[in-house]
1. Where does the charge balance sit around residue 34 when Lys and Arg score +1, Asp and Glu -1, over other residues with C-beta under 13 Å from its C-beta?
2. What list of ³J(HN,Hα) couplings, whole Hz, do you get for the range 25-34 from phi and the Karplus terms 6.51, -1.76, 1.60, once you set θ to phi - 60° and write x for glycine and proline?
3. Taking amide hydrogens as modeled 1.01 Å from N in the peptide plane, which residues meet the under 5 Å criterion relative to residue 24, leaving out close sequence neighbours?
4. Once you've got the Cα coordinates, tell me which of 37/60; 46/99; 60/100; 38/60; 80/100; 20/73 are over 29 Å apart.
5. Please give me, ordered by residue number, the GluC sites (Glu not before Pro) of the range 36-109 that lie in loop per DSSP and have at most 15 other Cβ atoms within 10 Å.
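Values in this text are rule-based calculations from the coordinates and carry no lab data. From a predicted model like this one, the values you see are computed outputs, not experimental measurements. Backbone-built Cβ (ideal geometry, glycine too); neighbour counts: all protein chains shown.
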Amino acid sequence: MSTKITLDNILIDKKMDMKKTQLLTLRTTESVERSIKKLTELEKRKPSDEARLIIEIGIKERLKQLAIEKYIKNEVTLEKAAEIAEISVWELLEILESKKIPYRLDVEAVTGR
């Protein structure tokens with residue numbers, strides 16, 4: 001059985017002022033709903049705020065994962081992979097190093113020239 005979660009139109013974040021957001025409706029499992037409920041209780045947040053945070057974190061991680069996959073397959077350069085991941089080339093190099101993934105250095109990507 002799936003559970004329907006609707007995120008509201010206003011994001012209230014401790015670091016930001018109110019920011020307009022888009023409405024998103026999605027279906028999820030009961031276990032995801034339980035996890036969100038647990039997090040909201042622990043963090044003292046509204047379910048919509050917690051779900052939004054989870055989605056934002058998930059998107060950032062998924063972009064990194066996709067960038068690394070494309071880089072490993074030699075489909076993109078180091079610079080393009082960093083762009084896909086929305087991080088600097090240096091941050092991507094640190095991630096590749098931490099995962100023991102060999103990298104191909106492109107002087108232009110590293111120096112910006």
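1. On the way: positive: 37, 38; negative: 30, 33, 41, 50.
Local charge sum for residue 34: -2.
2. Listing the rounded values in order: 10, 9, 9, 9, 7, 5, 5, 5, 4, 4 Hz.
3. Distant-sequence amide H within range of residue 24: 7.
4. Working: 37/60 22 Å; 46/99 35 Å; 60/100 21 Å; 38/60 22 Å; 80/100 20 Å; 20/73 38 Å.
Beyond 29 Å between Cα atoms: 46/99; 20/73.
5. Details: sites: 41, 43, 50, 56, 61, 69, 75, 79, 83, 86, 91, 94, 97, 108; in loops: 75, 86.
Here the GluC sites (Glu not before Pro) that fit, given the DSSP loop and packing criteria, are 75, 86.
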